[in-house]
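Peer 1: Take this structure first; my questions come after.
What follows draws every value from the coordinates through simple rules; no lab data is involved. Since the model is a prediction, treat every value here as computed from it, not as a measurement. As a convention, Cβ positions derive from the backbone with ideal geometry for all residues, glycine included, and neighbour counts pool all protein chains shown.
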Amino acid sequence: VGRMAHATIEGDRVTIRNVRNFEWHGTDRFVERWETRSYALSSLQRLDLIASYWAGPHIAHLLVSFGFVGGEQLVVSIEIRRRRDQTYSTMEGLFRNFELIYILGDERDLVRLRTTFRKERVHLFRLRTPPDAVRTLLNQNPNLFLMVRPMVAFMDRDTPRQVTPAQFVEWTVDD
């Protein structure tokens, strides 16, 4: 299930439509909720990288989480979407044979699904990105896609590379 998120920035406020906040009862049982949320950019405190290992110790799904004052977390996840006539294949997914969609959601939704129901091993990396640098990124692109472009580099089969969390921060800040 996916909807395209849209964001608008007015002054210090970013308003995002179609933020996913599902209530999970199993890997395929959930109450679907899509919300409109508003955040003060000045309340942005941190940027985290989340790695969810779903196929052993070498294959992880990466998510980026924005932390705000008061504990709210907004997560960006790049996920595949299959057509109705396609069947899932890990190999085809690794070689980018599926359409990609950007999901913006509540951390309790996107991470809890992976830890509690899929039983994936999840690691959180607190990045040392200054809050002002993250605010600048949000102001440069209100649709939030700039922040997740570096994650696509992990899937770039023409120029494979290992990327450390420190390099990830450099890419998002300098890109």
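Peer 1: Give me the net charge for the shell around H6: Cβ to Cβ below 14 angstrom, other residues only, Lys and Arg +1, Asp and Glu -1.
Peer 2: Here the count lands on +2.
Peer 1: What FRET efficiency would be calculated for the residue pair S38, E79, taking the C-beta separation as r and a Förster radius of 22 Å, to the nearest 0.05?
Peer 2: 0.35
Peer 1: Could you work out how much longer the chain between D12 and E99 gets when fully extended? Use 0.36 nm per residue separation minus the Cα distance between them, nm to one decimal.
Peer 2: Extra length available between D12 and E99 comes to 28.0 nm.
Peer 1: Could you calculate the contour length gain from V69 to Q45, that is, 0.36 nm times the residue separation minus the distance between their Cα atoms, to one decimal place in nm?
Peer 2: Length difference between fully extended and current span is 8.0 nm.
Peer 1: For H6, list long-range residues whose amide hydrogen, built 1.01 Å from N in the peptide plane, is under 5 Å from its own amide hydrogen.
Peer 2: For H6, the qualifying residues are R17.
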